[in-house]
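First comes the structure, then the notes that go with it.
Throughout, read-outs are computed from the coordinates displayed, never taken from laboratory work. Only a predicted model underlies this, so the values are computations on that prediction, with no experimental measurement involved. Note that each Cβ is placed from the backbone with ideal geometry, even for glycine, and that neighbours are counted across all protein chains shown.
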Amino acid sequence: MGKVRGGSARLVQAKLARALVVGLAFLTSLTSAAAWERVAFPSNDADLSASATATTITGYIFRPAGAGPFPAVVALHGCAGLLTPGSRHLAVQHREWGMRLASLGYIVLFPDSFTARGLTGVCRSVDVILPGRERTRDAYGALRYLQAQADVRPEAIALIGWSEGGSTVLWVASASTRARPKDLRSDFRFGIALYPGCQSASRVGITPALPVHLFVGEADDWMPAHFCEALAALHASRITLTAYPKAPHGFDALNQPLHTLTNVEAAPKGTVTVGTEPRARADVLARVPALLEQLRR
C-alpha cells in the first residue's frame, strides 16, 4: 500500500475495503461492459486562436448499462496520446480504465487533445501543447459536453488524468486558471492525478480551488515525486497524496514490463523507466473508485 498524506486521507481509507470488493466484482463483468463511442465537441480554446475559432475535439465515451442519470468522469491521456500508435483504437490503458469505471456506474469521457491538432504524441518534445494552455481548455470543453447530456448528472463530474493529463488536472484545479468558462454551470467536483508533473505547478505557485488527489511513484525518474510531495505539503487542506515507494512512471499499466524510453526532452536526464508495479497498480485501482464514490452524494 502507498503512504497517504493530506486532509481527506481517512475518508479514502474508510472506503478502500468496499472498493476492493467492487474491484473483484469487476473482474467478472469486464467483458460485458458497454463499448465506447466517438463523439465530438468544441474545446474552450477559442481565446487561443487569432480567428477566435474553437478546436473540434474527438472524444471517446463509455456508458454504463441503464438509463441514468449517472455521475461522470472526464479522463485525460498522457503525452503518448489517447490512441494506439498508427491506429484509431484506444490504447489499452485507457480502454481498461474506461471499462472499469463504466462497470461501476460512471460515464467516462476521454477527450483526444492531439489528433485534431495534427499530433500523435509529445513525449519527446516540449511546448507543443501545454497542460496549462490547450489541455485545460479541452477538459472544460469535455465538461460542458457532459453537462449537456440527459444521462449525466451535471453537478457530479470529476476529472482524472495520467502523466501530462495529471499535470493538466493541477492546472484545471488552479484558482487562477484562464480556461474556466465564466458561464460554467458547475465546476468539476474534484481532480485525481496519477504520476503528474508537479514541477511547473510548484514553480508558478498555483493555489488549488478544487480538491485534488495525487498518486505518485517514488521511483519515478520522469515526473519526480518530491515536487508533488512539496505541493501537497503546501496545500494540505486541498491536496492529498498517496506515494508508492517502488513505483516507476506508469505504474498502473496492465502487465507492462519495465522498459526504458530515451530522448525524452521533458525528463530530467532524458532517459526514463516506465512500467507496471503490481502492488501500486492494485492499490490505485481500489483507491480511485473509493474517491469517486463522493459523486454519488
* Asked: Which helices of the chain meet both criteria: a Cα extent of 27 Å or more along the helical axis and a mean Kyte-Doolittle score no lower than 0.0, with helices taken as whole DSSP H segments?
  -> 9-29
* Structure fact -> The residues 87, 176, sorted from fewest to most surrounding Cβ atoms within 10 Å, come out as 87, 176
* Structure fact -> Of the candidates 235, 216, 118, the farthest towards the positive dipole end of the chain (Lys/Arg Cβ +1, Asp/Glu Cβ -1, centred on the Cα centre) is 235
* Asked: If you average 1/r over every pair of different alpha-carbon atoms in segment 212-297 and take one over that average, what Kirkwood value in Å do you get?
  -> 13.8 Å
* Ranked by how many other beta carbons lie within 10 Å on average, peptides 195-201, 231-237, 183-189 from highest -> 195-201, 231-237, 183-189
* **123, 228 arranged by Cβ crowding within 10 Å, fewest neighbours leading** => 123, 228
* **Cα lying deepest toward the dipole's positive end in the chain, options 271, 56, 97, charges on Cβ** => 97
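Determine the calculated [θ] at 222 nm for the chain from helices alone, applying -39500 (n - 2.57) to every DSSP H run no shorter than 4 residues and normalising by the residue count; nearest 500 deg cm²/dmol.
Calculated from helices alone, the mean residue ellipticity at 222 nm is -9000 deg cm²/dmol.
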* Structure fact -> With a ≥ b ≥ c from the Cα gyration tensor eigenvalues, square-rooted, and the rule rounded for a/c under 1.5, otherwise prolate when a/b > b/c and oblate otherwise, segment 125-242 is prolate
* To do: Multiply the residue gap between residue 265 and residue 151 by 0.36 nm, knock off their C-alpha separation, and tell me the result in nm, one decimal place.
  => 36.9 nm
* Could the peptides 107-117, 37-47, 151-161 be put in order, highest first, of the mean number of other beta-carbon atoms found within 10 Å of their residues? -> 107-117, 151-161, 37-47
* Relative contact order for the chain using alpha-carbon pairs under 8 Å, separation at least 6, rounded to a whole percent? -> 20 percent
* To do: Within 10 Å, count the other beta carbons around each residue, average over each peptide in 264-272, 276-284, and list them highest first.
  => 276-284, 264-272
* Asked: Between rounded, prolate and oblate, where does segment 41-154 land on the alpha carbon gyration tensor, with a ≥ b ≥ c its root eigenvalues, rounded for a/c under 1.5, else prolate if a/b exceeds b/c?
  -> oblate
* Asked: Given [x] 39, 20, 18; [y] 42, 20, 17; [z] 24, 24, 20, which label gives semi-axes √(5λ) of the Cα gyration tensor in Å as computed from the coordinates?
  -> [z]
